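One structure is given here, and the rest of the page talks about it.
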Amino acid sequence: MMNKLLRLQGVFYLFTGVWPIIHIQSFMWVTGPKIDIWLVKMVGLLSIAISLSILSQPAHKQRSPVLSISTAISFLAIDVYYTTVGTISKIYLADAVIQLIFIILACLATDKGKKSKFQL
């Protein structure tokens, strides 16, 4: 289950990272206007880098969920905090839900089968 989850999360981060890089107008149409376009694109590039790291882990080996869980926690925290203070659009709460699902599923997957060295 962990391998499938990590592939899904990696693809999700790849899509959400590439989107503002290739078409910032549609990204802002969905997520709301942005002042610092360079920062949006930098977060996109970091999301791509994270996705490539997650996706490049060998599928035949026990994968560590550390990067995937810590990234999901980071996106979740930013989504919730900056939505509640009114800095970003409420659409980011949908992303927060997705990040929470990634966290829960990763924690459940680490409890099944072989124990991971990573414990929450």
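The values are calculated or read from the model by the stated rules, or taken from the named source; none is laboratory data. Bear in mind that the values here come from a model prediction, so they are computed numbers and not experimental data. When we count neighbours, we look across all protein chains shown, and the Cβ atoms used for this are built from the backbone with ideal geometry, even at glycine.
Of note:
- All of (1) surrounded by 12 or more Cβ atoms within 10 Å (Cβ to Cβ); (2) over 19 Å from Ser89 (Cα atoms); (3) not small (Gly, Ala, Ser) hold for Ile22 with one exception: (1).
- Pick from the stretch 1-55, criterion polar (S, T, N, Q) and touching a Phe, Trp or Tyr at 6+ places or on another chain (Cβ under 8 Å), ranking: nearest to Gln99 (Cα to Cα): Gln9
- Residue in the stretch 93-120 that is surrounded by the most Cβ atoms within 10 Å (Cβ to Cβ), counting only those that are hydrophobic (A, V, I, L, M, F, W, C) and modelled with pLDDT under 90: Ala109
- On the stretch given as the stretch 75-88, residues that are more than 15 Å from the chain's Cα centre (by Cα) and free of Cβ contacts under 8 Å to residues at least 24 places away in the same chain total 7.
- Residue check for Lys90: among the charged types (D, E, K, R), surrounded by fewer than 18 Cβ atoms within 10 Å (Cβ to Cβ) and either modelled with pLDDT under 95 or within 15 Å of Gly10 (Cα to Cα) (or both): no
- Scanning the stretch 25-36 for residues that are touching a helix residue (DSSP H, G or I) at 6+ places or on another chain (Cβ under 6 Å) and either part of a helix (DSSP H, G or I) or β-branched (Val, Ile, Thr) (or both) gives a single hit, Phe27.
- Residues located in the stretch 25-55, provided they are closer than 19 Å to Ile91 by Cα and aliphatic (A, V, I, L, M): Met28, Val30, Ile35, Ile37, Leu39, Val40, Val43
This table checks each residue for (1) of a type in the set (S, T, N, Q); (2) without any contact (Cβ under 8 Å) to a residue 60 or more places away in the chain.
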{"site": "Arg7", "(1), (2)": "no, yes"}
{"site": "Phe12", "(1), (2)": "no, no"}
{"site": "Gly17", "(1), (2)": "no, yes"}
{"site": "Ile50", "(1), (2)": "no, yes"}
{"site": "Ser64", "(1), (2)": "yes, yes"}
{"site": "Leu67", "(1), (2)": "no, yes"}
{"site": "Ile73", "(1), (2)": "no, yes"}
{"site": "Lys90", "(1), (2)": "no, yes"}
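- Options Ala49, Ala59; residue that is loosely packed, with under 15 Cβ neighbours inside 10 Å, more than 10 Å from the chain's Cα centre (by Cα) and assigned to a helix (DSSP H, G or I): Ala49
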